[in-house]
Amino acid sequence: MALEILPVRTGGAAENMAVDFLLLQRFPKPGMPRFRHYGWRGPAFTFGYAQKITAVRALLPADTTLDLCRRATGGGLVDHRDDWTYALVIPRGHPLEDVRATQSYREVHEALAAALRVQGVAGVVKTTVPEAEGVGVCFQRAEIYDVVNEHTGEKIAGAAQKRNKHGLLFQGSIWRPAASLPAIGSAAAGPAVD
């Protein structure tokens, strides 16, 4: 099955989250998987739909002007100031959409880890369960099936999912410092559009 790769765009937090959700809900080719990589107009953070805004604000850096928006997906607080952000939408009926959330998370991250290894990054999928903690800041600890550095265990990539009658929205982030890939965008996406 083909994958529709959309142009790279830069937007604010609310705009980027809305576009991701619209790719799930209202894409003109609903049966086709689609992928987009995007940038941020300024310092931005997003947080999972189940997180309380008061708890999120307590985790934010003090004295910093930033853009903040709730995601349609779950997960923790994500700092987008130095990440490579993407959205992948898998339509209804696709084999990846039909599996359990943990399995789709693992499969996408296995493909991502393999792509990072081709780029020289020692990425592997974490297969051990961390000690229980509440949902907090995304890159402070790795969850099961996140992509981690095989030598240090440092988290390289994480994601969150939303499923509905239209399919599966997978919102992911690669932490550039952990991946050591300053130009990752040029290696994985098409032409930029502002």
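Any read-out appearing in this document is the output of simple, stated calculations on the displayed coordinates, not a laboratory observation. Just so you know, these numbers come straight off a predicted model, no measurement behind them. Cβ atoms come from the backbone with ideal geometry, glycine included; neighbour counts cover every protein chain shown.
What's the exposure ranking of His37, His151, going from fewest to most Cβ atoms within 10 Å?
Working: His37 22, His151 8.
Ordered from fewest to most neighbouring Cβ atoms within 10 Å, His37, His151 come out as His151, His37.
Counting Lys and Arg as +1 and Asp and Glu as -1, what is the net charge of the other residues whose Cβ lies under 11 Å from the Cβ of Ala2? Spell out each step's value before the answer.
On the way: positive: Lys29, Arg34; negative: Glu4.
The answer is +1.
Place a +1 charge on the Cβ of each Lys and Arg in the chain and a -1 charge on the Cβ of each Asp and Glu, then give the dipole magnitude about the Cα centre in debye, rounded to the nearest 20.
Numbers: 22 positive and 19 negative charges, 123 e Å.
Taking the Cα centre of the chain as origin, the dipole is about 580 debye.
Given N residues in the range 8-51, what is Rg(Cα) / (2.2 N^0.38 Å)?
Values: Rg = 11.8 Å, N = 44, 2.2 N^0.38 = 9.3 Å.
Relative to the rule-of-thumb radius for its length, the range 8-51 sits at 1.27.
For Thr65, Thr127, Thr46, Thr85, which order do you get if you count the other beta carbons within 10 Å of each Cβ and list the fewest first? Present the calculation step by step, with values, prior to reporting the outcome.
Values: Thr65 6, Thr127 9, Thr46 30, Thr85 20.
In order of increasing Cβ crowding within 10 Å: Thr65, Thr127, Thr85, Thr46.
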| task | May I ask you to sort Arg100, Arg71 by Cβ crowding, counting other Cβ atoms within 10 Å and putting the fewest first? | result | Arg100, Arg71
| request: Work through the residues other than Ala44 whose Cβ is under 9 Å from its Cβ and net out their charges, Lys, Arg +1 and Asp, Glu -1. | output: 0
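Restricting to Cα pairs below 8 Å that are 6+ residues apart, what does the relative contact order work out to for the chain? Please round to a whole percent.
Working: 382 pairs, mean separation 49.7, N = 194.
Relative contact order here is 26 percent.
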| task | Please give the per residue volume of the convex hull enclosing the alpha carbon atoms of the chain, rounded to a whole number of Å³. | result | 123 Å³
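Compute the projected area of the convex hull of the Cα atoms of the range 48-150, averaged over all viewing directions, and report it in nm² to one decimal place.
Details: hull surface 32.1 nm².
Taking a quarter of the hull surface, the average projection is 8.0 nm².
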| task | Express in nm, to one decimal, how much length is gained between Gln119 and Ser180 on full extension, taking 0.36 nm for each residue of separation and deducting their alpha carbon distance. | result | 21.0 nm
| task | Give me the percent of DSSP beta bridges within the chain that run antiparallel, rounded to the nearest 5. | result | 70 percent
| said: As a test of understanding, state the convex hull volume per residue of the range 1-112 from its alpha carbons, in Å³. | reply: 115 Å³
